[in-house]
Structures are given as structure tokens and as C-alpha cells.
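Below is one structure; the comments refer to it alone.
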Amino acid sequence: MKITEYKVNFIKSLLPIYDEMEAESFFYLLLESKHQLRRIDLALDVDKEFSKEEISIWDSILEKLINQIPIQYIIGKTHFYGLEFMVNENVLIPRPETEELVDWIVKLNTKLSKNKNLKILDIGTGSGCIAISLAKNITNSEVFAVDVSEKALVIAEKNAILNQVQVTLLPKNILETTTLNQKFDIIVSNPPYVRNLEKAEIKPNVLDNEPHLALFVSDNDPLIFYKKIAELATANLNPNGQLFFEINQYLGKETQDLLKSIGLKNIELRKDIYGNDRMIACNI
């Protein structure tokens, strides 16, 4: 079968679930990933065909997409802050909003890092996207990253190697941690913050596939990670040290009030590209 013919059937099969533009983007992402063929390559050779074996593989992938398995898990990689990252079901798929958090940290510290070494800690690193992006873009930085999931740390280690940076990775349950045992200039975290009551807002491809351990918190104590990390930060940040969080868009004021009650200063709340309260920076 011609690839162009299969493309028509592929997109048509996905239309009840995805819009046409998204379905087409899936097709070309897979074409490049599986066959190293770009859109232009197909346009220049419209008679190029899939073998029966290739059609069987594509049909299997199509079934996964119909079942709303994320395209990033199917391909096994994604892009974040200009870098490539391996992903699987043990880690969250990096989001554009988190890129904004990384960009904020990089822009605030690029000049500073030229004059001093910066020690950075990423708490709940997952795929390592934050830690690795900071290590890649902030010169003279020593980056550490922790996660409760050892399976996630395996992926983070592979991503550090893939992107040719040094990140010290440690297994740690931050809620059971009493001290970080060293001082840092920057602590950053994108911890679990989605309340169970907000599950109805989560798309099935996320809810059914991405690790709940990295997503959800109790409705009764939704800021549990923020409180713990902020308390650790007050004891483990150097003078004028910076603390950054990605936050629940519905709990911006509550998160600000919590940080203020713990004694943190210069608290700044920022919106993401969608206009939602999404990130906070503060100092000890």
C-alpha cells in the first residue's frame, strides 16, 4: 500500500478522538521516528509504499493511539527546552509550562553563574527534564536531582547521558527527609499537585497512562509537598538562595500564603502561556 493511502486511513481512524491536525501530526512524527522520512520526503515520492510487515506495525501503533496511549510513550521520546528526552510510563511527559519555569531560572541565573558556581537541586525530577536543562544551560552549575521512583531515576540517568551533562541522581522520599545534608543556591520542584477532585479535568490519555504518583495529592492536604520542600529550603539554601515551584493553577494564593507563613521572602507568582497561575519564585 502507498504510504499516502495509508495516511488517509490512519487519520480517518483517529478523527473520533483527535482533530485532523493532531492526527496528521502523529502520522508525520511516527513516519520520521520509524522510517526517518520527513514530510518533504513523502511529498517528493508519493508512490513510496509500506510493506505488509510495516503496515502491521503501523496498525498496532494506530490501535494504541485509539486507546489514547500518548504518542510520546509510543515513540519513546519527546523534546523539552530544545533537548531530546527519553520517556516511558514511569515518568511524566514534560509540559510546555515546565519549560517556562526552566526558562525563568535560566534567565535569572545566567549572568550570576559566570561569576560563581551554583549548586542546584531538583526535587521530584522524573525524566530529569528540569535538572538536565538547567545543567545544560547554566554554566558553572553542579546539579543534583532526587525522586522517590527508582524507575524514574533510570530514565533520568539515560537522559543525562543522552544530553551529555553531569547530574547527581539520588533516590529519596522527600516527605520522609529531615535534612538535605548540604547547602544549595537553587532548589526547584514540580511536585504532585493535582487534587483528586480535579481528575475530571484530566484527559484520558494522561489519566490512564501517566504515573499517578507524580500527579495526584490528597484533597485534604494538597500543598503537602510545598510545605515540606519549603521547610527544607529554609534550612538548606545558601543566603539569598532561590526556591522555585511549578504549582496548581487553582492554588496560587494558597501557595503564596503558605510560603509567606514559613518565612520565605520576595514571593513572585507568574502565569503560564495559557494565563494560569503556574509558577512561584521566592528567597529565604
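The values are calculated or read from the model by the stated rules, or taken from the named source; none is laboratory data. The model shown is predicted, which means the values in this text are computed figures rather than measured ones. All Cβ positions, glycine included, derive from the backbone under ideal geometry; neighbour counts span all protein chains shown. Heavy atoms of the whole protein, side chains included, go into the accessibility calculation; ligands, DNA and RNA do not. Shrake-Rupley method; radii C 1.70, N 1.55, O 1.52, S 1.80 Å.
Relative to the current alpha-carbon distance between Q68 and L175, full extension at 0.36 nm per residue lengthens the span by 35.3 nm. Using a probe radius of 1.4 angstrom, the carbon and sulfur fraction of the accessible surface of the chain is 50%.
Against the longest principal axis of the chain, how steep is helix 20-35, in degrees 0 to 90 to the nearest 10, with axes from Cα atoms? The answer is roughly 90 degrees. Between 0 and 90 degrees, the angle of helix 52-66 with respect to the longest Cα principal axis of the chain falls at about 50 degrees. Rounded to the nearest 10 square angstrom, F245 shows an accessible area of 0 square angstrom against a 1.4 Å probe. Go through the range 96-182 and name the trypsin sites (Lys or Arg not before Pro) that are in a DSSP coil and have 13 or fewer other Cβ atoms within 10 Å of their Cβ. Loop-located and lightly packed - K116.
Converting phi to 3J(HN,Hα) with the Karplus coefficients 6.51, -1.76 and 1.60 and the offset θ = phi - 60°, the range 220-226 yields 6, 9, x, 9, 4, 6, 5 Hz in sequence order, with x at every glycine or proline. Between the alpha-carbon centres of the range 230-272 and the range 161-200 there is a gap of 15 Å. With all protein chains kept in place, the per residue accessible area of the chain amounts to 51 square angstrom at a probe of 1.4 angstrom.
Cα to Cα, under 20 Å, and not fewer than 8 places away if on the same chain: which lysines meet these conditions relative to K183? Filter leaves K114, K116, K119, K172, K227, K228, K265. The trypsin sites (Lys or Arg not before Pro) of the range 47-91 that DSSP puts in a loop, and whose beta carbon has at most 13 other beta carbons within 10 Å, are K48.
Taking R195, R38, R95 and ordering them by how much accessible surface each has at a 1.4 Å probe, largest first, produces R38, R95, R195.
Subtracting the Cα-Cα distance of K114 and Q166 from their residue separation scaled by 0.36 nm leaves 16.9 nm. In sequence order, the range 95-101 has phi-based couplings of 10, x, 4, 6, 4, 5, 4 Hz under the Karplus curve 6.51 cos²θ - 1.76 cosθ + 1.60, θ = phi - 60°, and Gly or Pro positions carry x.
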